[in-house]
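Student: Below are the C-alpha cells for one structure; questions will follow.
The values are calculated or read from the model by the stated rules, or taken from the named source; none is laboratory data. Nothing here was measured: the structure is a model prediction, and the numbers come from that model. We place every Cβ from the backbone using ideal geometry, glycine too, and count neighbours over all the protein chains shown.
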Amino acid sequence: MNNPNNQQATKPLLEPSATIKTEIVVIGAGQAGLSAAYQLKRRGLAPHRGFVVLDQAPAPGGAWQDRWESLTLSSVNRIHDLPGMRFSEVVDPNIAEVAARVAVPQYFAAYEQRFQLPVYRPVHVAMVCARGERFRIETDRGIWSARGLINATGTWEHPFIPEYPGAERFQGRQLHTRDYQTAEEFIGQHVLVVGGGISAIQLLDEISQVTTTTWVTRRPPEFFTGPFTEERGRAAVAMVEDRVRRGLPPTSVVSVTGLALTPAIEAMQARGVLKRQPMFAEIEADGVRWADGSHQRADVILWCTGFRNALDHLAPLMLREPSGGITMTGRLATQVASNPHVHLVGYGPSASTIGANRAGAAAASELMAALGLP
C-alpha cells in the first residue's frame, strides 16, 4: 500500500490579517470537495487564483480518518473512485481487513498530490457572508474573498442526538456513532444501541458479540432481500431530490430504501440480537423507561441517530426556508435556488460517495457558467 507524502498538507498558511481573492472557494476536502476541485481544474480554472479548497482537518482523508477502528474495507459499504484516479492505484482492494480510516486517507492524499489541488489545511471556516457581488469567507487562518462558493462540509462534524426527558440524570456513558472506537471497551456493560441505520446495525453486531445489548429504534426497521439494484438506488435518490427541490430537509437514503438482508444481519437474527424495542419515553439514572412503565437497566447509551448537514457557517447567507430545508435547483440539485453562486455538494441526493462525484462535476460546470468563467 502506498503512503504518499502529501505536499498540500504542509502548504504555508496565511497570516491572520491576510485577505486573498479568488474566483471560487471550495469548503471541505472529502469526497465531494475533492471531486469538485478536480472538475474545476479540469475545466481550466487555475489553482489558487482561480480556486482554493479550505479543509479544517489536519491531514487528508475527510471524515474517513475519524471512523472507528474495526471499519475495514471488507465491512464498509463501498469506496467509490474519485474522478481521474482509481482507488486500486493506491490501495490494494484485495487486502480486505485494512482499516478504512487508514486506506481512504492514503487515497485522498495521493489524489491531492497527483492533481496538485490547492488544499489549505487546517483551516476552520467560521462564517461566510455576502459582500456585494462577492463572498467574504472568514477563517481562523485569514480571510478569503470569492465570487462563487462550493460547500462540501458533509455531516460528520454535526452529530445529531435527540432530546429525551431525563438525559441529564443518566449516570452511565452517552456516546454518538462518531465517538465509537472498539466494542471491547464495553465488555461487562449493558449497551443500549439507538438507531435503525446501517451504522447502528454494524455497531450492534460488534458490541453484541462481546456483551449484552438492547436495540431501540423510532420505527420498525424494514429489511429487503436481493441485490440493491440501480433502479432501487435511483428511486431512493429521486425521493430525496424531490424533497430538497421543494425546500424540505433531506432524509437519509436508508429511510427510503430499507436495509439489505445480508448474511451478517441474518446471523444477528439467529443470535436473537435484532429483537427491536420501540423508543423509550424517558431516561433515568440507571437506564431507560418506556411509556408502559417497563424499565431497562443500561450502562451505556450509544446514539446511532445520524448526522445533520454542517452548514452553520453559511447562516449569514440566510439560505434556509421556514421548513428548515434549503430549496435546491440545478441539474443534480446542487445549486441554491435563492443564490445561484452557492452550490452544496454532499447535501440531499449527493450525500453518498458516488452521488458526491456526480454532484462535484455538476456544481463545477454550473457555477463556472453562472460566473461567466471559460
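Student: Which residue out of 128, 102 is surrounded by 14 or more Cβ atoms within 10 Å (Cβ to Cβ), part of a helix (DSSP H, G or I) and at negative phi?
Tutor: Going through 128, 102 in turn, the sole match is 102.
Student: If I go through segment 306-324 residue by residue, how many of them are crowded, with 16+ Cβ neighbours inside 10 Å, assigned to a loop (DSSP other than H, G, I, E, B) and either on the phi > 0 side of the Ramachandran plot or at pLDDT 95 or above (or both)?
Tutor: Total meeting the criteria: 4.
Here's the yes/no breakdown for (1) in contact with a Lys or Arg (Cβ under 8 Å, 6 or more places away or on another chain); (2) closer than 30 Å to residue 211 by Cα:
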site	(1), (2)
293	no, yes
298	no, yes
301	yes, yes
305	no, yes
309	no, no
313	no, no
323	no, no
333	yes, no
336	no, no
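Student: Let me ask something additional. Might you let me know whether segment 217-234 holds any residue that is surrounded by fewer than 16 Cβ atoms within 10 Å (Cβ to Cβ), within 19 Å of the chain's Cα centre (by Cα) and either of a type in the set (Phe, Trp, Tyr) or at pLDDT below 95 (or both)?
Tutor: yes
Student: Test each condition in (1) β-branched (Val, Ile, Thr); (2) buried (at least 16 other Cβ atoms within 10 Å of the Cβ); (3) farther than 30 Å from residue 23 by Cβ for residue 161 and report the one that comes out false.
Tutor: (2)
Student: I've got another one for you. Does residue 201 meet the test of being among the β-branched types (Val, Ile, Thr) and in a helix (DSSP H, G or I)?
Tutor: Spelling it out, residue 201 is indeed among the β-branched types (Val, Ile, Thr) and in a helix (DSSP H, G or I).
Student: Follow-up question, since we're still on this one. What's the number of the only condition in (1) within 30 Å of residue 191 (Cα to Cα); (2) touching a residue at least 24 places away in the same chain (Cβ under 8 Å) that residue 179 fails to meet?
Tutor: (2)
Student: How many of the residues making up segment 282-305 are under 30 Å from residue 156 (Cβ atoms) and surrounded by fewer than 19 Cβ atoms within 10 Å (Cβ to Cβ)?
Tutor: 3
Student: Now for a different question. If residue 155 meets every condition in (1) more than 29 Å from residue 335 (Cα to Cα); (2) part of a loop (DSSP other than H, G, I, E, B); (3) touching a residue at least 12 places away in the same chain (Cβ under 8 Å); (4) under 24 Å from the mean Cα position of the chain (by Cα) apart from one, which number is that one?
Tutor: (1)
Student: Quick check on this structure: which one of 297, 320, 308 is among the basic types (Lys, Arg) and more than 30 Å from residue 367 (Cβ to Cβ)?
Tutor: Sole residue among the options that is among the basic types (Lys, Arg) and more than 30 Å from residue 367 (Cβ to Cβ): 297.
Student: If a residue must be under 20 Å from residue 318 (Cβ atoms), among the small types (Gly, Ala, Ser) and either surrounded by fewer than 24 Cβ atoms within 10 Å (Cβ to Cβ) or at pLDDT 90 or above (or both), how many such residues does segment 336-355 contain?
Tutor: Result for segment 336-355: 2.
Student: Among the residues of segment 356-374, write down those that are surrounded by fewer than 24 Cβ atoms within 10 Å (Cβ to Cβ) and either outside any loop (DSSP other than H, G, I, E, B) or at positive phi (or both).
Tutor: 357, 358, 361, 362, 365, 366, 368, 369, 370, 372, listed by residue number.
Student: Checking the structure you have, find out if any residue of segment 106-114 is within 20 Å of residue 314 (Cβ to Cβ), assigned by TED's automatic domain parsing to the domain that holds residue 23 and among the aliphatic types (A, V, I, L, M).
Tutor: Checked segment 106-114: no residue is within 20 Å of residue 314 (Cβ to Cβ), assigned by TED's automatic domain parsing to the domain that holds residue 23 and among the aliphatic types (A, V, I, L, M).
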